[in-house]
Structures are given as C-alpha cells and as structure tokens.
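One structure below.
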Amino acid sequence: MIDEQAKQVLGLALPTDPRWVNIAEKNIEEILIDHAYCEQKAASSCISMIIQFPDREKLVEVMTPVVAEEWTHFERVMDEMKKRGYALGPSRPDEYVKALSKVERKGGSRDQQLMEKLLLNALIEARSCERFRLLWKHIQDEELSKFYYELMVSEAGHYKSFLQLAKEYMPETVVMKRWKEILEQEAEIMKNLEVRSDRIH
C-alpha cells in the first residue's frame, strides 16, 4: 500500500488496492503492453494541449520537453518488451481515463478549460507515479524494478509541472479548490473500478 510520505507528495485521496501489484507481477506482459499505450496517450495529450493553446508561451515551453520524455518512455517500454519477446498488439480501452474524462468541466474561459486539462493530466501522472512506485518496490524482476524507479521519478516531475502550470493561468486558490474536488472524484472512480491484472490504471 502507498505509504504516508508518498500519499502526501502525490495528494491521492485513495491508495491503490494492495492486491494490484501482486496480480500485475503475474501478468507483466499485459502490464508492459498497456504501459506502452499509456505513454503514447500521454505524449498525444501534451501535443493536443500545445495545438489547442499555442498562444500560452509557458505551456508550450514546459510541454515540449514533456512530449519528448513521454515518447522516450514509450520507446523504453518497447525495449523492455522486446527483451522479453513481447509484441505490442492492439490497443485496449482505458476505463480509468474514460471515467476520468467525464470529470472534466466543459465551457468557461480558455484558461479555465486549460486548467481542467492540466489538472486531469496531473492526476493521471500522479496515479501512474504511484503504480510505478509499487512496481519498483515489490516486483522481483530487478531490471524492471530499476526501470520503474526511473519512470516513477520522471512521472512525479510531470505531475508537479502540470499542477504548477495550472497556477500560471488561474489563481492558486481556484486551482487548489478544483484540484481537491478532482482528487475526491478520482477516489470514487478508483473505488468502483475492477482491479485489473492487465492495466497500469
């Protein structure tokens, strides 16, 4: 289970079900495949924000290297899969992200819309960071354990960057109030999601 220090850093309202890492380790091929697609989607999400908000200079400045990092993560996951003789296979639906997308508030000013996207991306990065931390601490494969430690550190940085960017465009009090609401809604989503052995989220 996530410890108090990690919980405090990431802000997650509900820790991952402790059963997840045990069943994930038994299905590491499926976890790696899903992880590869998660990294693809993370890069695409950042590119989408740049395309939608090209006039927000700080956003473009911060997002551009994140896109490159997320794609490098995809390549690194593919390398780990290749070492183990795994193929990418077809994409699969991400029920977690699908449920989370319904939390996003539509309308409002462009800065409010941007805040929503940044906070949802921050939350996905925080949850990924928590999952990578569990894999780092608990899986027996030493090479993969080291790999997930490195990605955990990177995802934590992305989470902080997204949250900080939101505060560039909206007052901090507004951002943190909305962040708390989204954390609570995500906790409800986590309570109702099936614990899957073949998904990162």
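To keep it simple, each residue is scored yes or no on (1) in contact with a helix residue (DSSP H, G or I) (Cβ under 7 Å, 6 or more places away or on another chain); (2) under 21 Å from S128 (Cα atoms); (3) in contact (Cβ under 8 Å) with a residue 40 or more places away in the chain.
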{"position": "S44", "(1), (2), (3)": "no, yes, no"}
{"position": "D55", "(1), (2), (3)": "no, no, no"}
{"position": "P65", "(1), (2), (3)": "no, yes, no"}
{"position": "H73", "(1), (2), (3)": "yes, yes, yes"}
Checklist entry - Of the residues that sit in the range 106-134 and are under 22 Å from I51 (Cα atoms) and among the small types (G, A, S), which one is surrounded by the fewest Cβ atoms within 10 Å (Cβ to Cβ)? => result G107
Item to check | Among the residues listed as V60, V103, V97, the single one being part of a helix (DSSP H, G or I), surrounded by 13 or more Cβ atoms within 10 Å (Cβ to Cβ), under 16 Å from the mean Cα position of the chain (by Cα) and hydrophobic (A, V, I, L, M, F, W, C) | outcome: V97
Next on the checklist: Being over 26 Å from M49 (Cβ atoms) and of a type in the set (K, R): is that true of K137 here?
Outcome noted: yes
Checklist entry - Mind checking whether some residue in the range 154-163 is part of a helix (DSSP H, G or I), more than 15 Å from L12 (Cα to Cα) and among the aliphatic types (A, V, I, L, M)? => result no
Next on the checklist: Among (1) hydrophobic (A, V, I, L, M, F, W, C); (2) under 22 Å from S145 (Cα atoms); (3) in contact with a helix residue (DSSP H, G or I) (Cβ under 6 Å, 6 or more places away or on another chain); (4) outside any helix (DSSP H, G or I), there is one condition A13 misses while meeting the rest; what is its number?
Outcome noted: (2)
Checklist entry - In the range 146-193, which residues are free of Cβ contacts under 8 Å to residues at least 40 places away in the same chain and acidic (D, E)? => result E150, E155, E172, E181, E188
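Every read-out reported here was derived from the displayed coordinates using simple, explicitly stated rules and does not represent laboratory data. What you see is a predicted model; the values in this text were computed from it and never measured. As a convention, Cβ positions derive from the backbone with ideal geometry for all residues, glycine included, and neighbour counts pool all protein chains shown.
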